[in-house]
Amino acid sequence: MCYAIPAKLIKILKKKKHKIGIIDYFGEERQVIIDIDDLKVGDYVYAQGGVLIRKVPTKEALEILEYWKDIFFQLKQTDEALSKVDQDKLPPNALAILQKVNLRKSLKRDEMLTLLGLTQKEELAVLNEIANNVRQQQHGNSSCIHGVIEFSNYCRNSCFYCGIRCEQNIQRYRMSVEEIIAAAKEAVEKYGFKALVLQSGEDLWYDDAMLEKIVTEVRALGILVCLSIGSRDIETYRKLYAAGARAALIRFETSNAEIFAKLRPGTNLQDRIKLIDDVRELGFVLATGFILGLPGETHEDIANNILLTKYFNPDMYTFGPLIPTQDTPLANCSQITKDLVLKATAITRFVDANSNILVTTASETLDKSLRKEALLAGANSMMINVTPAQYRNLYSIYDNKTEDSFDVAQCIKESIDLLMSLGRCPTDLGIS
Ligand code: 5AD
């Protein structure tokens, strides 16, 4: 988005699947997948989600870098100061495990369970601090903000948790191909977004040709296009990759096959896992994850959810709490606590130190302060809703979805203010 720094391309490497570039932000290097032609070492570029998406004219890049040249180092200092850990406060029962984390040794399932079982305020505070420290050590102060356009709330599925499941008696909408492209254009040209997630229910009304047109035109705006369209045929994903989509967001929702089958009638976990594997195999940058706190889920399931996410080697972890939603079969379920969301965030950071972890809208809906708190417990990425105002409230996957009442400019300002107050910088996180 407008909160983005151009990088200088300093090396081009050829790898089997992709062309890889090394880019530089004021001496900090990242690896990225090169997704444009006609590029040479020394060019200035924008990278998003680990993908080099656009060249920036040198004059323009140098002007922007002039603005960042001091702020960049000031932000780093702020982040470093905020991510210090007070070793003296380490909780005794988690001490050995957290020392292991400090040594970058991977955690075993029973160690994850011990951490999930922590309840004392001071212990949780230290857990979050250490996660924040690991994030800082791995990624410096890099952070990213992506936009999301929710283009249709029609869905063929009947997921028990979801407010747009096909049985819901809600006002449905579909944006036309032209409307979607216009909304993306506005997000890019007016607000400066450089990565957009195109999200919808599983809506087969959009056939491959329509989706290809959308992706082609949105990619032509010079941004990273991320698909969040659910279980579509792998051939559809293949065509959309060819049209220029480079990222895909597909959650497996839960690693517990029984809960999956019960809550997602007519579908099964195995097929979902295969789809995610296949999408990854096509070369997409992958965001995946789960819902936290589905009924029947134990701490063991949560640990398994984190481990299954890790299995996919995703570029982004995305998980959020179940928000019980009116008129769905899970309307009367209890909601998990903010602490559990933070614990899952911190443990994810420990299990996959180099991961990128999104603060999801569901987390913010559970508790507004979770955005900041999750960023201080291992998370490093967030999303802003740029769905046109007339549709925004209709994409009601859960009740009281946050941000609905704010305008985009206000959301951007709040997000940037928050990131800056935490010393986070919009340098791309790169690929691992
Ligand atoms: N609470 C939290 N997350 C939900 N999702 C759908 N319904 C809910 C809910 N009630 C999540 C699913 C889906 C994503 C777009 O939203 O994980 O993949």
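Enumerate the calculated ³J(HN,Hα) couplings along segment 80-86 in order (Karplus 6.51 cos²θ - 1.76 cosθ + 1.60, θ = phi - 60°), each rounded to whole Hz, writing x wherever the residue is Gly or Pro.
Running phi through 6.51 cos²θ - 1.76 cosθ + 1.60 with θ = phi - 60° gives 4, 5, 6, 10, 6, 10, 8 Hz.
Return the distance in nm (one decimal) between the two label points of a simple spin-label model at Lys338 and Glu235, each offset 7 Å from Cα along Cα→Cβ.
With each label placed 7 Å out from Cα toward Cβ, I get 4.9 nm.
Please report Rg (one decimal) and Dmax (integer) in Å for the Cα set of the chain.
That works out to 20.7, 60 Å for Rg and Dmax.
Measuring from centroid to centroid over Cα atoms, what is the spacing of segment 220-252 and segment 166-210 in Å?
Value for the Cα centre distance between the two parts: 13 Å.
Take the alpha-carbon centre of segment 272-343, take the same for segment 378-432, and report the distance between them in whole Å.
20 Å
Cut-off is 10 Å between beta-carbons; in what order do Leu370, Leu307 appear when sorted fewest neighbours first? Don't skip to the end; give the middle numbers.
Working: Leu370 24, Leu307 16.
Final ranking by Cβ density, sparse to dense: Leu307, Leu370.
Give the residue list of trypsin sites (Lys or Arg not before Pro) in segment 178-233 that are DSSP loop and have at most 12 other beta-carbon atoms within 10 angstrom.
On the way: sites: Lys185, Lys190, Lys194, Lys213, Arg219, Arg232; in loops: Lys190, Lys194, Arg232.
When the trypsin sites (Lys or Arg not before Pro) of segment 178-233 are filtered for loop state and at most 12 Cβ neighbours within 10 Å, Lys190 remain.
Just the Kirkwood number for segment 210-293, please: inverse of mean 1/r across all distinct Cα pairs, in Å, one decimal. Mind showing how you got there, number by number?
On the way: mean 1/r = 0.0743 Å⁻¹.
Kirkwood radius, segment 210-293: 13.5 Å.
Name the long-range amide H neighbours of Leu429: under 5 Å, sequence gap of 5 or more, or other chain; modelled H, no Pro or chain starts.
For Leu429, whose amide H was placed from the backbone, the distant partners under 5 Å are Gly49, Gly50.
Under the Karplus relation 6.51 cos²θ - 1.76 cosθ + 1.60, θ = phi - 60°, what is the ordered set of whole-Hz ³J(HN,Hα) values for segment 229-236, x standing for Gly and Pro?
Coupling constants for segment 229-236: 10, x, 7, 10, 3, 4, 5, 5 Hz.
For segment 307-346, which chymotrypsin sites (Phe, Trp or Tyr not before Pro) are in a loop by DSSP, counting at most 15 other Cβ atoms within 10 Å? Present the calculation step by step, with values, prior to reporting the outcome.
Values: sites: Tyr311, Phe312, Tyr317, Phe319; in loops: Phe312.
Filter output for segment 307-346: empty list.
If you rank Asp38, Asp207, Asp339 by fewest surrounding Cβ atoms within 10 Å, what's the result?
Ascending number of Cβ neighbours within 10 Å: Asp38, Asp207, Asp339.
Sequence neighbours fewer than 8 away in the same chain don't count; with that in mind, list the lysines whose C-alpha is under 27 Å from Lys40.
Those lysines meeting the cut-off are Lys8, Lys11, Lys14, Lys15, Lys16, Lys17, Lys19, Lys55, Lys59, Lys69, Lys194.
Explain nothing, just compute: Karplus ³J(HN,Hα) = 6.51 cos²θ - 1.76 cosθ + 1.60, θ = phi - 60°, for every residue of segment 120-131 in order, whole Hz, x for Gly and Pro.
Rounded to whole hertz, the list is 5, 3, 5, 5, 5, 4, 5, 4, 5, 4, 5, 4.
Within segment 151-207, which GluC sites (Glu not before Pro) sit in a loop by DSSP and count at most 14 neighbouring Cβ atoms inside 10 Å?
Passing both the DSSP loop test and the Cβ count: Glu167.
Using helices alone, what [θ] at 222 nm do you get for the chain, with -39,500 (n - 2.57) per DSSP H run of 4 or more residues, divided over all residues and rounded to the nearest 500? Mind showing how you got there, number by number?
Numbers: 15 runs with 172 residues, N = 432.
For the chain, the value works out to -12000 deg cm²/dmol.
Applying 1/(1 + (r/R0)^6) with R0 = 30 Å to the Cβ-Cβ distance of Val41 and Asp277, what FRET efficiency is obtained, to the nearest 0.05? Could the numbers behind the result be given before it?
On the way: r = 35 Å, r/R0 = 1.15.
It comes to 0.30.
Could you list Val177, Val126, Val56 in order of exposure, starting from the residue whose Cβ has the fewest other Cβ atoms within 10 Å? Don't skip to the end; give the middle numbers.
Working: Val177 16, Val126 23, Val56 19.
Ascending number of Cβ neighbours within 10 Å: Val177, Val56, Val126.
Between Glu80 and Gln99, 0.36 nm times their residue separation minus their Cα-Cα distance comes to what? Spell out each step's value before the answer.
On the way: separation 19, 0.36 × 19 = 6.84 nm, distance 1.97 nm.
Difference between extended and current length: 4.9 nm.
Among all the lysines, which ones have a C-alpha under 16 Å from Lys213's C-alpha, if same-chain residues fewer than 8 places away are not counted?
Output for Lys213: Lys185, Lys239.
Send over the semi-axes of segment 280-432's equivalent ellipsoid, whole angstrom and largest first, taken as the square roots of 5 times the C-alpha gyration tensor eigenvalues.
Values: eigenvalues 104, 97, 47 Å².
In descending order, the three semi-axes are 23, 22, 15 Å.
Readers should treat all values here as calculations from the given coordinates under stated rules, not as data from a laboratory. Just so we're clear, the structure is a prediction, and the values are computed from it rather than from any experiment. For neighbour counting, all protein chains shown are included, and Cβ atoms are generated from backbone atoms with ideal geometry for every residue, glycine included.
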